[in-house]
1. Among what's in segment 358-370 and is part of a loop (DSSP other than H, G, I, E, B) and touching a strand residue (DSSP E or B) at 6+ places or on another chain (Cβ under 8 Å), pick the residue that is surrounded by the most Cβ atoms within 10 Å (Cβ to Cβ).
2. Is it the case, given these coordinates, that Phe621 is crowded, with 20+ Cβ neighbours inside 10 Å, among the aromatic types (Phe, Trp, Tyr) and closer than 17 Å to Glu704 by Cβ?
3. Output the residues belonging to segment 272-304 that are assigned to a helix (DSSP H, G or I) and either over 37 Å from the mean Cα position of the chain (by Cα) or aromatic (Phe, Trp, Tyr) (or both).
4. Check whether at least one residue in segment 214-222 is of a type in the set (Val, Ile, Thr), under 22 Å from Asn87 (Cβ atoms) and part of a helix (DSSP H, G or I), and report yes or no.
5. Specify the residue that is modelled with the lowest pLDDT; the eligible residues are those in segment 371-393 that are farther than 17 Å from Thr339 by Cβ and crowded, with 20+ Cβ neighbours inside 10 Å.
6. Only residues in segment 244-269 that are over 17 Å from Glu385 (Cβ atoms) count as the first member; pair them with residues that are among the hydrophobic types (A, V, I, L, M, F, W, C) and not in a loop (DSSP other than H, G, I, E, B), Cβ under 6 angstrom, at least 6 apart or cross-chain, and list the lot.
7. Within segment 48-67, is there a residue that is of a type in the set (Phe, Trp, Tyr) and under 33 Å from the mean Cα position of the chain (by Cα)?
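The values are calculated or read from the model by the stated rules, or taken from the named source; none is laboratory data. Just so it is clear, the model here is predicted, and its values are computed rather than measured. Note that each Cβ is placed from the backbone with ideal geometry, even for glycine, and that neighbours are counted across all protein chains shown.
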Amino acid sequence: MSWIKIPPVKWIDSNEDAEYVAKYFSGKKYMAYDTETTGLNKLKDYPLIFSMSDGVERFGGLAGYLQHPAIKGLLESDIVKVGSSINIDRHWSENVGVYLGGEFVDTVLTDWLIDENREGRHGLKDCAYDYCGIIMRDFQDVFPMKRATKNSPAETPKDAIERELASPEGFERAKQYAGLDAFANYKVFEKHKEILEKTVIFVDDYGRPARNLWDHYVDFEMPIIKVLYNMERRGIRISSGYLRQMSIVAGKKLVELETQFHRQMAEKGYDKFFSAPINLNSSAQLRKLFYDIIGKVPFKFTKKDDPSTDSEVIEKFAEEGDEFALLLSSYKDVVKTKTAFLDGIQEELCNDGKIHPSFKKVTVSGRLSCTNPNIQQMKRMSEDEFKIRQAFVADPGYIMGAVDFSQLELFILAHVSGDEVMIDAFNNDKDLHLIAVHYIFGYDYDTCVAAKKKEKKVGLSGLTSDELLIIVLRTAVKRIWYGLNYGIGDEKLALNLTADFRKADKDGRNLQCPRCKTVYPLDYLNSYGNAECIHVGGFPVDDKYVDSKVIRQRRLEYKQSEDRDEDRYALDIVLRTVSEKEAASYREKLLGVFKKASQWLNNQVKIVNTEKKVQSILGRFRRLNSVDSTYRGDKSRAERQSKNVIQNHAADIVGQVMVLVDNDEQLKAGGFQLLGQIHDELLFQTPDTENAPNMLNRCREIMEKGFSETVMPLKVNLKADFHKIVSNNSFEIKGDNINFDNCVYGWSLARRICFTSNSHWPFLG
C-alpha cells in the first residue's frame, strides 16, 4: 500500500471561488461530495460545511455557498457523485433545496462488491486506510462535543461545529477536516473501480454475458441507490393513535403473562425460593429458576461462563414443552413487539407524520437491511397478534397495499437447476408442495388439491383428519424446502418439523382415531398425557399418564414392528416428535423426487470447494474461504452457505424489479409510489381513482415479467400476489376479487367494467 499525498484544501470564500470550482469540474465525469451536518437525522438536519474533490484537488466551504448558482448548478448537474453512504448526503442537501443530479457511486457499496465479508469495515475511515493509507480523524477529535452538566445539556454536532468555526484556530481545523472526506472518498473510489474492473464475472449457463464487477455495479447496483433514496424520502404514513392503543393492549398482555407466570410458580412451590416475585427480565433469577430449581441441563453459556437464558435457550426449553419457558417466550415476544415497534415506531415519527426507514444493501446475501425503524422485522398481518402493519396508512387521496413474490426462492431453484418437475409445476400453476406430498407420502394429487381448497374456504377446523394431515404434510414439505435453501442441519430441521406437526390446529380441534373412532383434542394428544386410546399415535398406551420417555420407547418399538397400517401411520405423523434421522430421510425423499434440483445443490458444494466462492444470478460473488478451514464446523457451514446462494439470486431479482417498478413511466404517470421493501414484498400506494386497477395490474406485470424481459430470460414464470396492508383506506382481497369499498372513491366505473363480467381481475389470474 502506497501512501497518498494530501493536497491543501481550497476554501470557497467568494463568488469568484464558487465560479472557479464550477469551471474546474466542468467536463469531468466524477466528483466526490461530502457534508458535515447539524445531526444525523436525514429529514431534520442540514449541512453546515461541504466539500468536493476529483482526487487531485479538494475544495470546501460553508453551507451557505450551496445556494450559490454556480455550486448549486454543479451539484444538480449530471456529473457522477461519489460518496460514502451517498444517499444520506443527498437527504441533507435536499433539506436545503439542493437536489443532487446524475448517477451515484457509493463507496460502501463498491467495497461490499469487492468483499462482502468485510462487515463493519465498509465505511470511509476503514476504506481510506486499507486501500489508500489515509488516516481519517474522528469527528469528535475536530469538533469535540461538550457533555451534559447540571446547568447545560450536552452539545449537538451543530453546537460543536459552530463553536469551532467561531475561532480562527477552530475554523482552520474545520476546513482541513471537511476537505479531507471528499478527497479520501475519491481516492477510495479510484482503487475500488480499478479492482472491480479487473474482477471478471465468469460465463456460465445462466445466460449471463461476460463482464466485470464494475460493469455489474453500473448496470445493476447503481440504479438501486436511487430507488432506495426515493423510498426513504417518501416515507410511510403512520397512525400514531393506533400504535398507542396497541401499546396499551400489549402492556396489559405483559401483566397477564407475568401474573400467569407467578401463579404457576406458586402452584409448583417455586416462589418460596425467591424473596419477591420473580423478575422475568432478570437473567440471574431466570438462571436460578431453570438450572438450580427445575434442573435444566445448560447447553449454552454467557461470556462470563454462566448458563445462558437468552432467546435461543428459552425457545429450546419451550419446544421441549416446559410451561415456564412457553410463558416466558410469549412474554419476551410481546416485550420486543412493544419496545421495538409499538413504542419504537412512534419515536421515529417525523414532523410529516411518517417514518422514513433507512435501507441498505450491504448484507452477505444482498438482501436489504432496514433501520430507524426496521420494518422488515414486522410480521405479516395474519401472524401478528397486534397487527402492527395496520398502523401503516395511505396518504390522503391514496390507497395502500403490498405485492410479493410467491415462493420466489423455489422459482429460482427451478430456473438454475432446470428441474423438469419443478418447472412444469410452476409454469402450469400446480402446487409444488402438494406434488411432493403426493410423491413422498402417497396421497393422490387431486385429493391434496381438494384438501387445500377446502382449507381456504372453511379453515382447519372444518377438515377431516386425513385432510388436516395433508395440510400438515404440505407445511412440512415447505419447511424442508426452505431448510435446503438455508442450509439448516438435521437437528434444526427436526425441531421445526415437530413444531409444525404440533401446531397443526391452533384451536385444539378434535381428532378422531381412525381405528376405534375415539375423539381427542389435538393439543390434548400433543401433550402425550391422558391418552387412553390404544391406537393413538400408533402405539398402545396402558396408563392414563405415561412418561414421555416411555412413549418414545414405545413409538420406537412401533416403528420397528410390521403390523402398521396406513391410518395408524397417518395419525402418528400428526402426533409424534420428528427425530433427526427422520428429518434427514424426508429431505432425501424430497430430493429423490426433484433430482436435478438435488444435483444443483450438490454441485454448489463442489464449486465452493474448488472456487472458494459461488455467484448470484447477476454475477455477484459470495466468498466462502472458510471452506478450506481445518475445523470441520467451519467447512460444513461454508458448504451449507454455498447452497444458500439462492438468497443472493433472490436479492438480485427483487432489486432489479424494484428498479423497474420505480422507474416505470406508466406507473409514474399514474402516481404509483413504491414505499418500502420487506424481503420479497413491495409496499406501495397509488391514487384512489378509477385508474388504480390499471396501476396494480401494471405493477404485477412488471414483477412477473420484468426481469425475464429486460435483464435475462428465466425458465419459469414468476408469480406475484397482492394483499392489503391496512383496513383503513385500503383495498381488500376476497377470493379472486379485490374489494375497494373501504376506499374514498366510489368505484362505480371500476365495478361496472370488472365485476359485471365473467372474467376476474387480470392481475389476479
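1. Within segment 358-370, the match that is surrounded by the most Cβ atoms within 10 Å (Cβ to Cβ) is Leu368.
2. Spelling it out, it is not the case that Phe621 is crowded, with 20+ Cβ neighbours inside 10 Å, among the aromatic types (Phe, Trp, Tyr) and closer than 17 Å to Glu704 by Cβ.
3. Taking segment 272-304 first, the residues assigned to a helix (DSSP H, G or I) are 272-273, 283-293.
Matches in segment 272-304: Lys272, Phe273, Phe290, Tyr291, Asp292, Ile293.
4. Within segment 214-222, one or more residues are of a type in the set (Val, Ile, Thr), under 22 Å from Asn87 (Cβ atoms) and part of a helix (DSSP H, G or I).
5. Of everything passing the filter in segment 371-393, Arg389 is modelled with the lowest pLDDT.
6. Short answer, once both residue conditions are applied: Phe261/Leu327.
7. The first filter runs over segment 48-67 and keeps only residues of a type in the set (Phe, Trp, Tyr), leaving 50, 59, 65.
Checking the rest, the ones that are also under 33 Å from the mean Cα position of the chain (by Cα) come to none.
No, the conditions are met nowhere in segment 48-67.
Table: residues versus (1) in contact with a Phe, Trp or Tyr (Cβ under 6 Å, 6 or more places away or on another chain); (2) assigned to a helix (DSSP H, G or I); (3) not hydrophobic (A, V, I, L, M, F, W, C); (4) not assigned by TED's automatic domain parsing to the domain that holds Cys127.
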| position | (1), (2), (3), (4) |
| --- | --- |
| Glu19 | no, yes, yes, no |
| Ala22 | no, yes, no, no |
| Tyr33 | no, no, yes, no |
| Leu40 | no, no, no, no |
| Gly64 | no, yes, yes, no |
